[in-house]
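Colleague: What follows is a structure written as structure tokens; I'll ask about it next.
Nothing in this text is a laboratory measurement; each read-out follows from the coordinates by a stated rule. If you're wondering where the values come from, they're calculated on a predicted model, not measured in any experiment. Using ideal geometry, Cβ is built from the backbone for each residue, glycine included, and neighbour counts are taken over all protein chains shown.
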């Protein structure tokens, strides 16, 4: 574990002492959860809003964490649960960090490839353009890349339709927000990232979303696998099995509720993703498969690892032992 990441997590805990212990409040067991501040937080936010956690005897506090410190925050007990991406979880497992995935609360990858309005006009692209036309239009273009993962996702689209990813020039940018600004200023022609950012850009009139998991088979749920998993320290699970069981029960209820109550899920997520228009948020939530049951399978993990392997985002020779994930805490 990197010393800097661990120090950041420890500083986080020291600044939030009430959220880092195992204290009791109003007869409830207090736990702290690391979240990413994106649409994948929906099951947990719904579970909190609908009192599913309280019904399980839990008082849940949320802390937004970046991917770079999630594992360190978990290991330092700054958070007891982490709503984590498969990529970050598998990377931690490959580094022998003692984590275990205890449920899957969101499937798929809600990606969007957005081109500038200028680029769309020049190449005759619309939101209805077939993906092969989009891929061919990217030849010789300039894309924004805020991570190796998003660059890899764009590469998958191009390779699917016989376009060499090397035919594209990339500008390295620090964040999706920087991608958005560069697109508006026509410094790049396009970028790929998770929703709702691409749809927000389109809503603002600065671009056109020309590819999504609904139109690109390589990004679809059957080929991308899991989108988000609930992760805990192995020692925490061993010592607090009942707490873990109650937590994942509430999260599963949140996943199932989000699946069948779209409008209410939007209203709940608006409190976290402030400023996002309702229709944009609804479209983004629909790109994720919210499961009725948060169970995992070897087949599902194999699909996720194959997808991430194609992106080149996992450490070399990453493997997932059976002992690193379990459904034993989920309600039967």
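Colleague: If I take every Cα pair under 8 Å that is 6 or more residues apart in the chain, average their sequence separation and divide by the length, what percent do I get for the relative contact order?
Modeller: 28
Colleague: Could you work out how far apart the two model spin labels at residue 323 and residue 297 are, taking each label as a point 7 Å from the Cα in the direction of the beta carbon, and quote it in nm?
Modeller: Distance between label points: 2.6 nm.
Colleague: On to the next question. Stokes-Einstein D for the chain at 37 °C, 0.692 mPa s, Kirkwood Rh over Cα pairs, in µm²/s?
Modeller: Reported coefficient: 161 µm²/s.
Colleague: By how many nm would the segment from residue 187 to residue 262 grow when fully extended, if each residue of separation counts as 0.36 nm and the alpha-carbon distance is taken off?
Modeller: Using 0.36 nm per residue and subtracting the Cα-Cα distance, I get 23.4 nm.
Colleague: Could you tell me how many degrees, from 0 to 90 and to the nearest 10, lie between the Cα long axis of helix 3-15 and the main elongation axis, the longest principal axis, of the Cα atoms of the chain?
Modeller: 60
Colleague: Let me ask you something else. For the pair residue 54 and residue 234, what calculated FRET efficiency results from E = 1/(1 + (r/R0)^6), where r is the Cβ-Cβ distance and R0 = 35 Å, to the nearest 0.05?
Modeller: Using R0 = 35 Å, I get an efficiency of 0.85.
Colleague: Rounded to the nearest 500, what is the chain's calculated 222 nm mean residue ellipticity when only DSSP H runs of at least 4 contribute -39500 (n - 2.57) each, over all residues?
Modeller: It comes out at -12500 deg cm²/dmol, rounded to the nearest 500.
Colleague: A further question follows. Calculate how steeply helix 298-311 sits against the longest principal axis of the alpha-carbon atoms of the chain, using the helix alpha-carbon long axis, and give the answer as 0 to 90 degrees to the nearest 10.
Modeller: 40
Colleague: Taking the Cβ of each residue in 169, 123 as the centre, tally the other Cβ atoms inside 10 Å and list the residues starting with the fewest.
Modeller: So the residues, fewest neighbours to most, are 169, 123.
Colleague: Compute the Cα gyration tensor for the stretch 111-219, then decide on rounded, prolate or oblate, letting a ≥ b ≥ c be the square roots of its eigenvalues: rounded whenever a/c is under 1.5, prolate when a/b is larger than b/c in the other cases, and oblate in all that remain.
Modeller: Because its axes are fairly even, with a/c under 1.5, the stretch 111-219 counts as rounded.
Colleague: OK, next. To test your reading of the geometry: what angle, between 0 and 90 degrees and rounded to tens, separates the Cα axis of helix 241-260 from the longest principal axis of the chain?
Modeller: Approximately 40 degrees, to the nearest ten.
Colleague: Can you list the residues of the stretch 136-161 with backbone N under 17 Å from a point 7 Å past the Cα of residue 66, pointing along Cα to Cβ?
Modeller: Label zone hits: 145-150.
Colleague: Relative contact order of the stretch 111-219: what whole-number percent is it, with Cα pairs under 8 angstrom and at least 6 residues apart?
Modeller: Normalised by residue count, the contact order of the stretch 111-219 is 47 percent.
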